[in-house]
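All remarks here apply to the structure that follows.
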Amino acid sequence: MTGSPRPVFPTVPDLPPAVLLPSQSACLAAPLSVLRAATRPHHDRIDALMNLRRMRQPGHYLRVLQVFDSFLAGWEPAVAAALPERAPWLRARSRRPFLQQDLQLLGAPAGETAVLPALPSGAAAWGSVYVMEGSALGGATISRSLAGAGLGPERGAAYFHGWGEARGRMWREARDVLESELACPEALAQACDAARATFDTLSALLEKAMNERAPAA
Ligand code: HEM
């Protein structure tokens, strides 16, 4: 229900300002556009797999949530290990508590920790961060659709609702950091590879879960 307090959810973090190094500002004008173009078909695939209409069916929706939980259980420590100096920043932006809240509320067990491909460099980790931070934008569309099925942020759809009204600000902060960190072509190329791999890994997990028989009620 809109406007009601959400005391049990994590609060929007008061994040430290992004540190932009002057030497990183001159290489490329639009790394985000490059990342977006490089991953568009991968986004289309995951969008089709998740299937906005089917997400309104409880069984399908729960499987999607469990896959995200499995994925994030492996992904968050891997990214923190690849970007140790950014670990507090990353931790403050974690939306996994929302997901765990949803699973608990809907009475579904957490997913098993997924085994993920290595992130071979800091730039690769930033490419992967792009995917998961960007996914919060699509969360607005997903959240609206779930609301139509009675799933509001307090009723099992907290993850896709995410930071709610602060979503835009959170994305702009992430975008500024990504643009700074991925301003040079070598870094951006590594980030694009990792971003595609991140989409593909999550898609593979979703596909596997969709092909498994639904557990008996
Ligand atoms: C039903 C599934 C999905 C739908 C309907 C959807 C929809 C959208 C929409 C509408 C946008 C544009 C939002 C804007 O510009 O304000 C977007 C952007 C994006 N989404 Fe999704 N999305 C879905 C799933 C995902 C998933 C699972 C991921 C990754 C794990 C993801 C990653 C991204 C990224 C990286 C962007 C681009 C951010 C940018 O470069 O501007 N999306 N999505």
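Some observations on this one:
- Its relative contact order, with pairs defined as Cα atoms under 8 Å and 6+ residues apart, puts the stretch 28-211 at 37 percent.
- Spacing of the two label points (7 Å from each Cα toward its C-beta) at S33 and Q104, in nm: 4.4 nm
- Residue separation of R56 and E186 scaled by 0.36 nm, minus their Cα-Cα distance, works out to 42.7 nm of gained length.
- Translational diffusion coefficient (Stokes-Einstein; Kirkwood radius from C-alpha pairs) of the stretch 28-211 at 25 °C, 0.890 mPa s, in µm²/s: 148 µm²/s
- If R0 is taken as 22 Å, the Cβ-Cβ distance between A48 and N211 corresponds to a FRET efficiency of 0.90.
- Ranked E212, E133, criterion: other C-beta atoms within 10 Å, fewest first: E212, E133
Read the figures in this text as sums done on the coordinates, not as results from a lab. This structure is a prediction, so every number in the text was calculated from the model and none was measured. We place every Cβ from the backbone using ideal geometry, glycine too, and count neighbours over all the protein chains shown.
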